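Worksheet: one structure, shown below.
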Amino acid sequence: MKKIFFTTIIFIALVSSCSKDFLTKDPLDKLTDLSLSYTEGECKLYVNKFYTSFWGTGSSYIYHNDLGSDNLLSVNYDNNQDLIDGLHVVPSSGGGWSADEWGNIRSVNFLLDNYTKSKEPDKVEKYIGEAKFFRAFFYFEQFLKKFGGVPWIETQLSLTSEELTAQRLKRHELANKIIADLDWAITKIPSFAVQEKGRISKEVAMLYKARIALYEATWEKYHSGTVFAGEGNSTDYFKIARDASNSVIASGFFSLDNVGAKDGYHKLFNQLDYSASKEVMLWVKFDRALGLSHGNTNKHPALDGSSVGLTRWLVESYLCTDGKPIHSSNSYKGDNNLLTVIENRDPRLKQTMFTPGRARRIEKGDTTLIFTKASINLSNSEKCSTGYELAKGMNPDADEQLSEIGTNKASIIFRYAEALLIYAESRSELGEINQADLDVTINVLRDRVGMPHLKVDVGYIDTFGDFTAFRGYTGLPVSNLLQEIRRERRIELACEGYRNDDLKRWRAHHLWNHDLVQGAKTSQFKDLKWLTDYFTSVSVPKGVGNFNTFMSEIVAKWRPDCTEGVNYWTDNEGYFAPYQKFIPSGHFAFNPDKSYLLPIPSEQLILNKNLKQNPGWPDK
């Protein structure tokens with residue numbers, strides 16, 4: 001089978017962080033437009049370098065991308081700088097507005113300015129379409145989400161170019177330019193059926209367009225009347241999101257993997273190769289033999305807590321198997337321990353977090369290590385911060401856990417499930433959704449794991465839901481159905497990097513500020529009888545060693561000792577309180593008057609007098 005890799009061929013060489021330098025400096029080390037003839041091969045190689053900008057292509061663990069949200073907590077409290085009073089200040093330089101970010105824009109513009117010199121324009125246009133996709137990608141990921149409107153630069157600049165001191169575009173103006181780039185790209189990039197594997201397809205560009213349109217639609221709607229309000233038309237953006245996601249669905253190229261398969265949801269995220277997947281639309285493959293691998297940190301999630309933990313609030317958001325929330329279901333068995341909390345629950349919960357008995361290491365076909373209890377007593381780099389240990393994405397293959405040599409595990413960049421969720425959300429926001437829509441979107445996702453279908457009338461009201469007065473929500477009304485669609489999005493995409501964006505576009509700071517920073521109940525780790533009873537009653541793989549030794553040394557005791565007040569802290573409600581020493585109140589403190597956008601570095605305000613600081617941040 002052919003192996004596909006994202007490979008960096010040409011590198012950006014930038015000298016200064018001064019805005020004029022990094023917007024006018026030739027973007028290549030030794031290669032200039034004088035040495036290029038812009039053949040098909042040259043344009044392809046040039047665009048290749050942008051693929052390494054995608055999430056999951058570096059050494060960091062891709063399923064830690066929800067850190068700082070109400071889904072996933074780091075061991076270190078100061079990793080949440082926008083959630084802790086006084087941690088985030090205006091930087092003098094950098095801060096997401098530097099040579100690295102603007103250099104990406106400059107590098108794309110270099111190709112867009114010069115590709116017309118090509119003697120084979122028909123052959124190169126598909127790569128120019130990819131370049132336009134990446135310009136949209138960089139403007140959205142680097143600037144629009146983080147800073148709001150910024151100057152739009154679409155050509156190479158000289159040291160005297162007026163654009164160097166341009167004003168910021170309004171938010172909707174920048175969004176419209178980003179979408180226009182994607183529209184152009186969609187007309188040029190080949191469809192998934194014929195596109196070279198491992199490259200952006202027309203349908204990927206459609207999905208990304210839908211993602212951006214949904215982000216802007218909800219931002220415009222839910223931030224209306226605040227200091228972050230835009231001037232765009234949310235209805236128009238919802239329609240763009242609806243139509244683009246529907247185009248992906250209607251293409252007929254994609255469906256969900258592992259429908260009805262045992263542990264099928266979990267297995268989706270730990271593969272070495274997605275060539276045969278019907279769900280994964282774009283992915284990156286790693287191969288140690290060729291020197292292309294994830295960093296050593298990617299082996300940790302299979303072996304220990306990897307310095308993170310799932311929150312109580314994520315775990316409680318999973319429905320019971322009767323299709324009802326835990327507070328209104330007779331099937332819920334409580335959260336006294338890791339076994340009761342998953343009983344009669346949406347199977348995706350058990351397949352997202354570690355529970356007793358899941359294999360941690362498999363060597364030559366034999367399971368030699370299994371999960372017993374959360375790694376709450378280890379060092380910070382190996383510790384689970386909340387007692388709920390993340391299992392999503394972990395690969396138990398012993399070969400993937402070898403020290404210092406990295407892993408082969410592939411990373412998902414775009415998957416079809418997102419298109420289903422965008423279509424359902426946008427149709428609901430437009431007031432158009434019907435049962436047929438739910439049956440081809442939300443209920444397809446539920447069918448994978450055997451969960452009951454969502455009905456238009458829902459059938460219950462979750463008074464403890466994320467967007468209720470009980471949880472401190474005071475924004476625009478969210479219908480009962482829309483709240484369930486948002487729940488489904490949270491569950492299906494948990495820890496894949498969507499949650500922080502979702503909280504910001506929905507203006508949902510109440511979920512940071514109202515809910516206590518909590519994990520699992522700590523009592524289960526003081527008296528381990530529930531755990532010893534479980535392993536006495538189930539079959540333990542022979543590969544873990546002598547059963548009596550396993551029970552006495554691994555199950556029934558801590559090695560080394562685990563001490564409350566040293567390894568973990570308990571709050572007044574009996575739950576893990578990982579930041580109790582640093583946040584005695586137990587609550588985050590997201591500032592809704594400033595923290596929805598990053599501050600522009602003070603150096604940039606001096607260099608360009610036409611830039612205005614974002615709301616709530618000092619301009620000096």
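The values are calculated or read from the model by the stated rules, or taken from the named source; none is laboratory data. Quick caveat, the model's predicted, so the values are computed rather than measured. No Cβ is skipped: glycine too gets one built from the backbone with ideal geometry, and neighbour counts run over all protein chains shown.
Would you check which residues across segment 62-108 are acidic (Asp, Glu) and within 30 Å of residue 383 (Cα to Cα) and list them? Across segment 62-108, the qualifying residues are 66, 70, 78, 82, 85.
Yes or no, residue by residue, for (1) in contact (Cβ under 8 Å) with a residue 60 or more places away in the chain; (2) under 30 Å from residue 366 (Cβ atoms); (3) touching a Cys at 6+ places or on another chain (Cβ under 6 Å); (4) in the same structural domain as residue 374 (by TED's automatic domain parsing):
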position: 513; (1), (2), (3), (4): yes, no, no, no
position: 529; (1), (2), (3), (4): no, yes, no, yes
position: 537; (1), (2), (3), (4): no, yes, no, yes
position: 546; (1), (2), (3), (4): no, yes, no, yes
position: 568; (1), (2), (3), (4): yes, no, no, no
position: 572; (1), (2), (3), (4): no, no, no, no
position: 583; (1), (2), (3), (4): yes, no, no, no
position: 602; (1), (2), (3), (4): yes, no, no, no
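A quick yes/no check of all residues on (1) in contact with a Ser or Thr (Cβ under 6 Å, 6 or more places away or on another chain); (2) assigned to a helix (DSSP H, G or I); (3) modelled with pLDDT of 95 or more; (4) not small (Gly, Ala, Ser):
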{"position": "63", "(1), (2), (3), (4)": "no, yes, no, yes"}
{"position": "81", "(1), (2), (3), (4)": "no, no, no, yes"}
{"position": "85", "(1), (2), (3), (4)": "no, no, no, yes"}
{"position": "88", "(1), (2), (3), (4)": "no, no, no, yes"}
{"position": "100", "(1), (2), (3), (4)": "no, yes, no, yes"}
{"position": "108", "(1), (2), (3), (4)": "no, yes, yes, yes"}
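Can residue 440 be described as surrounded by fewer than 20 Cβ atoms within 10 Å (Cβ to Cβ) and closer than 20 Å to residue 348 by Cβ? The answer is yes for residue 440.
Among the conditions (1) within 16 Å of residue 71 (Cα to Cα); (2) modelled with pLDDT under 95, residue 350 misses just one, which is (2).
With the requirement that a residue be among the acidic types (Asp, Glu) and within 18 Å of residue 596 (Cβ to Cβ), what does segment 67-96 give you? Listed by number, the residues that qualify are 70, 82, 85.
Based on this model, can you work out whether residue 85 counts as farther than 22 Å from residue 307 by Cα and surrounded by fewer than 18 Cβ atoms within 10 Å (Cβ to Cβ)? Taking the combined requirement at face value, the residue satisfies it. Every test in (1) over 19 Å from residue 140 (Cβ atoms); (2) in contact (Cβ under 8 Å) with a residue 60 or more places away in the chain is passed by residue 162 save one, and that test is (2).
Would you check if there is a residue in segment 385-408 being assigned to a helix (DSSP H, G or I) and touching a helix residue (DSSP H, G or I) at 6+ places or on another chain (Cβ under 8 Å)? Within segment 385-408 (the criterion being assigned to a helix (DSSP H, G or I) and touching a helix residue (DSSP H, G or I) at 6+ places or on another chain (Cβ under 8 Å)), the answer is yes, since at least one residue qualifies.
When segment 413-431 is filtered for residues that are in contact (Cβ under 8 Å) with a residue 24 or more places away in the chain and not in a helix (DSSP H, G or I), the ones remaining, listed by number, are 413, 414, 415, 416, 430. Could we say that residue 125 is more than 27 Å from the chain's Cα centre (by Cα) and in a helix (DSSP H, G or I) here? When the stated conditions are applied, residue 125 passes them. Exactly one residue among 430, 402 is out of contact with any strand residue (DSSP E or B) (no Cβ under 7 Å at 6 or more places or on another chain) and farther than 30 Å from residue 365 by Cα, and that residue is 430.
Of all the numbered requirements in (1) assigned to a helix (DSSP H, G or I); (2) of a type in the set (A, V, I, L, M); (3) modelled with pLDDT of 95 or more, residue 73 misses one, and that requirement is (1). Could you please give the count of residues in segment 325-353 that are within 26 Å of the chain's Cα centre (by Cα), touching a residue at least 24 places away in the same chain (Cβ under 8 Å) and outside any helix (DSSP H, G or I)? Matching residues across segment 325-353 total 8. Against the criterion of being among the β-branched types (Val, Ile, Thr), part of a helix (DSSP H, G or I) and out of contact with any His (no Cβ under 6 Å at 6 or more places or on another chain), residue 376 does not qualify. Candidates in segment 242-255 are the residues that are surrounded by 17 or more Cβ atoms within 10 Å (Cβ to Cβ) and in contact with a strand residue (DSSP E or B) (Cβ under 9 Å, 6 or more places away or on another chain); of these, the one that is nearest to residue 346 (Cα to Cα) is 254.
Could you look through segment 565-592, keep only residues that are surrounded by fewer than 15 Cβ atoms within 10 Å (Cβ to Cβ) and among the hydrophobic types (A, V, I, L, M, F, W, C), and pick out the one that is farthest from the chain's Cα centre (by Cα)? The qualifying residue farthest from the chain's Cα centre (by Cα) is 566. Within segment 531-544, one or more residues are touching a strand residue (DSSP E or B) at 6+ places or on another chain (Cβ under 8 Å) and in a loop (DSSP other than H, G, I, E, B). A count restricted to segment 57-95 and to residues that are of a type in the set (Val, Ile, Thr) and more than 15 Å from the chain's Cα centre (by Cα) stands at 4. If you go through segment 185-200 and keep only what is small (Gly, Ala, Ser), closer than 19 Å to residue 243 by Cβ and surrounded by fewer than 24 Cβ atoms within 10 Å (Cβ to Cβ), you end up with just 191. Just to be sure before I move on: is residue 595 surrounded by 12 or more Cβ atoms within 10 Å (Cβ to Cβ), part of a loop (DSSP other than H, G, I, E, B) and under 29 Å from the mean Cα position of the chain (by Cα) in the structure I sent? Taking the combined requirement at face value, the residue satisfies it.
Taking the listed residues 217, 213, 185, 229, the one that is within 22 Å of residue 150 (Cα to Cα) and either out of contact with any helix residue (DSSP H, G or I) (no Cβ under 7 Å at 6 or more places or on another chain) or not aliphatic (A, V, I, L, M) (or both) is 229, with no other qualifying. The number of residues in segment 443-482 that are surrounded by fewer than 19 Cβ atoms within 10 Å (Cβ to Cβ), in a helix (DSSP H, G or I) and either free of Cβ contacts under 8 Å to residues at least 40 places away in the same chain or polar (S, T, N, Q) (or both) comes to 3.
Taken over segment 292-329, the criterion of being at pLDDT below 95, crowded, with 18+ Cβ neighbours inside 10 Å and not small (Gly, Ala, Ser) is satisfied by 294, 298, 299, 300, 301, 304.
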